[in-house]
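One structure is given below, encoded as structure tokens.
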Amino acid sequence: MRLLSRAVQVAAVTHRSQSCRHFWGWLNAVFNKVDHERIKAVGPDRAAAEWLLRCGAKVRFQGFDRFHQDYNALPTGPLGRYRIQAIDATESCIMHKGFDHLDGLKNLEEIRFKKCIYIEDGCLERLSSIENLQNSVYLMEVVSCGNVTDKGIIALHKLKNLEYLFLSDLPGIKDKDTTVQRLKTALPKLDLDLDLD
């Protein structure tokens, strides 16, 4: 009887944790939904900042020394006054479907993806295909993002002005030497800092 009771308790806990996981996944998808009307109303930088902060990331605007992480404390002002210069997405829930928010950013120079469970190859491919970012991004870090593989890292070769790339704790990288060679060939000025084993 005790064994049966224990099995029922374990099954109940497992079901609750799976339901909770599904709920958070659904909520994260809602946070990443792109509202094109909002982008038109407040401009691409403000809309992108709102998306990033909703998802737990931080942004730094041009002319500011510190990162903003409080959604309610975002600076206000005329349309286009505040331009995103850096994104720190550490432990955020940003995902591929929200990357359309990045389309209109023209001053983004630095991006850090650390411990982002939803960042995958498609995210890096989408980011690298945005023409404005190809010209502006010069620093990037991808750390402890378990869904990123060689394919996603190689896609970063489209970021023509990328000067520094730090890669660490990426178990999806299987052919490090080929990936590094392809990046160095495409971006000869790139300072590639690796901590991959």
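A few notes on this one:
- Top-ranked residue of the stretch 123-153 - restricted to ones that are part of a strand (DSSP E or B) and surrounded by fewer than 18 Cβ atoms within 10 Å (Cβ to Cβ), ranked as farthest from the chain's Cα centre (by Cα): 139
- Exactly one residue out of 172, 104, 77 is among the small types (Gly, Ala, Ser), farther than 20 Å from residue 34 by Cα, in contact (Cβ under 8 Å) with a residue 12 or more places away in the chain and assigned to a loop (DSSP other than H, G, I, E, B): that is 172.
- Residue match in the stretch 183-194 (condition: within 20 Å of residue 49 (Cβ to Cβ) and touching a Phe, Trp or Tyr at 6+ places or on another chain (Cβ under 7 Å)): no
- Selection within the stretch 139-160 - touching a helix residue (DSSP H, G or I) at 6+ places or on another chain (Cβ under 6 Å) and of a type outside the set (Gly, Ala, Ser): 149, 150, 151, 153, 154, 156, 157, 158, 159, 160
- Test: residue 157 is open to solvent by 10 Å² or more (accessible area, probe 1.4 Å) and at pLDDT below 95: no
- Any hit, the stretch 140-162, residues being hydroxyl-bearing (Ser, Thr, Tyr) and within 30 Å of residue 40 (Cβ to Cβ): no
- Annotation: residue 164 fulfils all but one of (1) more than 12 Å from the chain's Cα centre (by Cα); (2) closer than 22 Å to residue 194 by Cβ; (3) open to solvent by less than 10 Å² (accessible area, probe 1.4 Å); the unmet one is (3).
- Qualifying residue in the stretch 101-122 (condition: over 28 Å from residue 197 (Cβ atoms), open to solvent by less than 50 Å² (accessible area, probe 1.4 Å) and of a type in the set (Phe, Trp, Tyr)): no
- Residue selected from the stretch 52-63 under the condition closer than 14 Å to residue 74 by Cβ and modelled with pLDDT of 95 or more, by the criterion most open to solvent (accessible area, probe 1.4 Å): 58
The values are calculated or read from the model by the stated rules, or taken from the named source; none is laboratory data. Note that the structure is a prediction, hence the values are computed from the model and not measured. Cβ sites come from the backbone with ideal geometry, for glycine too, and all protein chains shown count toward neighbours. Please note that ligands, DNA and RNA were not included when accessible areas were found on the heavy atoms of the full protein model with its side chains. Shrake-Rupley method; radii C 1.70, N 1.55, O 1.52, S 1.80 Å.
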